[in-house]
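Enquirer: Let me give you the structure first, and then I'll get to my questions.
Values quoted throughout were computed directly from the atomic coordinates according to the rules given, and no laboratory measurement underlies them. Every value quoted in this text rests on a predicted model; they were computed, and no experiment measured them. Quick reminder, even Gly has a Cβ in these numbers, built from the backbone with ideal geometry, and neighbours come from all protein chains shown.
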Amino acid sequence: MNGTLSKQRRGKTILSVVMGVVSFIYVMPVFTVLLNSFKLNTFVKTNTFALPTGEMWAGFSNFAKGMTFGNYPFVKSVLYSVVITILSTALILIGTTMAAWYITRVDSKFCRALYYLCVFSMVVPFQMVMFTLSKTADSLRLNTPFTIPIVYLGFGAGLAIFMFVGFVKSIPLEIEEAAAMDGCGPVRIFFNVVLPMLQPTMISVAILEIMWVWNDYLLPALVLDINEYRTIPIHIQYLKGSYGTVDLGATMALIFMSILPVIVFYLTCQKYIIEGVAAGAVKG
Amino acid sequence: MKKNKQIGGSTIHVATRRWWPLFLGPVVAAFIIGFVWPFFQGIYLSFCSFKTVSNATFVGLQNYIKAFSDVSFRHAFWYTALFAVTSLVIINIAAFAVAYALTKGIRGSNLFRTVFFMPNLIGGIVLGYIWSMIFDGILSRFNTSIMVNAKFGFWGLIILVAWQQIGYMMIIYIAGLQAVPGDILEAADIDGATGWQTLFRVIIPNVMPSITICMFLSLTNGFKLFDQNLALTAGQPFMIQPDGTTVKQTEMLALNIYNTFYTSSVASQGTAQAKAVIFFILVAGLSLLQLSFTRKKEVQQ
């Protein structure tokens, strides 16, 4: 008995060590980006995995260079990414919570048709609509960072409405009836009674939308005028096109600067992010 | 049950009905702009020859015939299918193994979980450039590059998506494993089942729903992959066919459609839209298959 217990404990320690080694290998790519962001261009390709010492050391020059690299200020692309992500997420949250509550409670034929259309839109890949969507957005002048959130609301409404309808169905009607008895109209019932209860699902949906919009490349690349407006993914993709040969050191500095906020965001809201992602995965 | 409740509460929601311009208006308008109109226009245009949306002429099935006879499209289809299945197997085995190890109550489980999930938050374009630096750093020692050999491109992309998605699938598997009732495991232990027997006869049958979800998720992710493909190899290396057309050897379906729309020298928007419809049917078909699978599981339980 004692023997098997100590054997089990030893097994767990070995497993722990193995997982530690695997985790270390797992963070290596990000660490390699950081290493190479301090290297002079020519050494990134030849000495990728070496520490940036001696003649390889570039100091912070790559970061300074990265700021204006690719004929476009990096700060501007960060700004546009932030604006588009915040506006789109806010718009999706406000719009789809209202629609989901109306769809569930009014439950007319039109509402049901709309709901099934939303579910259907979740299985349509972006390539199916990319050409026609970008032309439609262009002709309606939705091609600026301040209007593209409407396009995101339209293409992203499906999943959000699906998740909110699922939650609204579980809210007992008695609460809303009590509010109505106290003289609340539908608008006040929604904003003062229903909306606060939706908060946990709102956090999950917000996480999913933030991750989608922040990392999205193709939709903004097709809809926005990319000489004027670039998000971070567009900016990084166009580094290659703007020069014959790319300064790899400066590219790595840019990439590191663009993943640092994501990692900080992840480490601070880890619990919500993992919950949100798990909630979105089980949509089938 | 739910229906009855709805009728009971209808008195207050009769008043709600007239508020549709506020509650439904914005979303319906955006949904029409962002999905409904582009979708149906896309289906219509797949039967047309056009350069811009306004001067389309109906040509029947011609675009579909062109799409199916396009060598690069057929190549992209088989390449994508092979890629999706390979990545499915590797991601799911690795993710399940990691999830299994992390639910054993070992020290540092939370830290490991945090680390494995992290790559999932990095966008596809950025991932592509991170890994192209790493692969070129390794391959340059052998005087080669990821762009010159299609095999490198294939396995490079597999490593990339595995790194990205193992953590995601791991989260779903951990939730499934934690839901396996403890008394079943205890019973197996008392009956003298070995570790492997418990795994294959008790644990895996109990986490089947998670396995179905993860397998379909990784399969559809593989089929829809675009950003990573564009940023890592962009279809390189290219091979000129005897008839003069070019087959991009590591080009997947989504990228093939994109290139047919935007970078092809001949006017081929109609063909591209037909390819997009075929692609949509393929992806939607996979989702329907998943739905029928999960429904069947529910009936059994």
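Enquirer: I want to check the label-to-label distance for A:Thr42 and A:Ser61. Put each point 7 Å from Cα in the C-beta direction and report it in nm to one decimal.
Expert: A separation of 1.2 nm, rounded to one decimal place.
Enquirer: So for A:Ile259, B:Ile190, A:Ile203, fewest C-beta neighbours within 10 Å to most, what's the order? Can you show the working numbers first?
Expert: Numbers: A:Ile259 23, B:Ile190 8, A:Ile203 18.
Lowest count first: B:Ile190, A:Ile203, A:Ile259.
Enquirer: A follow-up question, please. Which length gain, in nm to one decimal place, applies between B:Val85 and B:Lys51 when the Cα-Cα distance is subtracted from 0.36 nm times their residue separation? All intermediate terms of the calculation are to be shown ahead of the outcome.
Expert: Values: separation 34, 0.36 × 34 = 12.24 nm, distance 3.57 nm.
Stretched out fully, the B:Val85 to B:Lys51 stretch lengthens by 8.7 nm.
Enquirer: If you average the C-alpha positions of region A:198-268 and of region A:142-193 separately, how far apart do those two centres end up, in angstrom?
Expert: Using only Cα atoms to place each centre, the spacing works out to 28 Å.
Enquirer: Could you run the Karplus curve 6.51 cos²θ - 1.76 cosθ + 1.60 with θ = phi - 60° over region A:74-82 and give me ³J(HN,Hα) per residue in whole Hz, x for Gly and Pro?
Expert: For region A:74-82, the Karplus-derived couplings read 4, 4, 4, 5, 5, 4, 5, 4, 5 Hz, x marking Gly and Pro.
Enquirer: Let me ask something additional. Distance in nm between label sites at A:Ile171 and B:Val180, each 7 Å beyond Cα in the beta-carbon direction?
Expert: Distance between the two pseudo-spin positions: 3.9 nm.
Enquirer: Still on this model: Sorting B:Lys248, A:Lys135 on the 10 Å Cβ count, fewest up front, what's the list?
Expert: Ranked by crowding around the Cβ, least crowded first: A:Lys135, B:Lys248.
Enquirer: Below 8 Å between Cα atoms, with a sequence gap of 6+, how large is the relative contact order for chain B in percent?
Expert: About 26 percent, as a whole number.
Enquirer: Taking the Cβ-Cβ separation of B:Ser292 and B:Thr114 as r and a Förster radius of 45 Å, what is the calculated FRET efficiency to the nearest 0.05?
Expert: Step by step, r from the Cβ atoms, then E = 0.80.
Enquirer: Using amide H atoms built in the peptide plane, which far-off residues or other-chain residues are under 5 Å from B:Cys48 H to H?
Expert: Answer set, sorted by chain and number: B:Val59.
Enquirer: Rank these for me by crowding, B:His13, B:His75, A:His235, going from fewest to most other beta carbons within 10 Å.
Expert: In order of increasing Cβ crowding within 10 Å: B:His75, B:His13, A:His235.
Enquirer: For a 20 Å ceiling on Cα separation, which of these pairs sit above it: B:Lys51/B:Lys275; A:Lys240/B:Lys151; A:Lys76/A:Lys135?
Expert: Listed pairs above 20 Å: A:Lys240/B:Lys151; A:Lys76/A:Lys135.
Enquirer: Using a basic spin-label model with each label point 7 Å from the Cα along Cα→Cβ, how many nm lie between A:Val17 and B:Ile93?
Expert: 2.5
Enquirer: I would also like to ask the following. Determine which aspartates and glutamates satisfy two conditions relative to A:Lys271: a Cα distance under 19 Å, and not lying fewer than 8 residues away in the same chain.
Expert: Here the aspartates and glutamates satisfying the reach criterion relative to A:Lys271 are A:Glu209.
Enquirer: Among the helices of chain B (complete DSSP H runs), which have Cα atoms covering no less than 30 Å along the helix axis and a Kyte-Doolittle mean of at least 1.0?
Expert: B:71-102, B:150-178
Enquirer: Let me ask something else. Using alpha carbons only, how many angstrom separate the centre of region B:79-121 from the centre of region A:4-47?
Expert: Going from one Cα centre to the other spans 15 Å.
Enquirer: Right, something else. Would you work out the charge dipole size for chain A about its Cα centre, treating the Cβ of every Lys and Arg as +1 and the Cβ of every Asp and Glu as -1, and quote it to the nearest 20 debye?
Expert: In debye, rounded to 20, chain A gives about 840.
Enquirer: In whole Å, how far is the Cα centre of region A:83-113 from that of region B:163-189?
Expert: One Cα centre to the other: 34 Å.
Enquirer: Now for a different question. Could you calculate the contour length gain from A:Thr53 to A:Lys7, that is, 0.36 nm times the residue separation minus the distance between their Cα atoms, to one decimal place in nm?
Expert: The span from A:Thr53 to A:Lys7 would gain 12.1 nm if fully extended.
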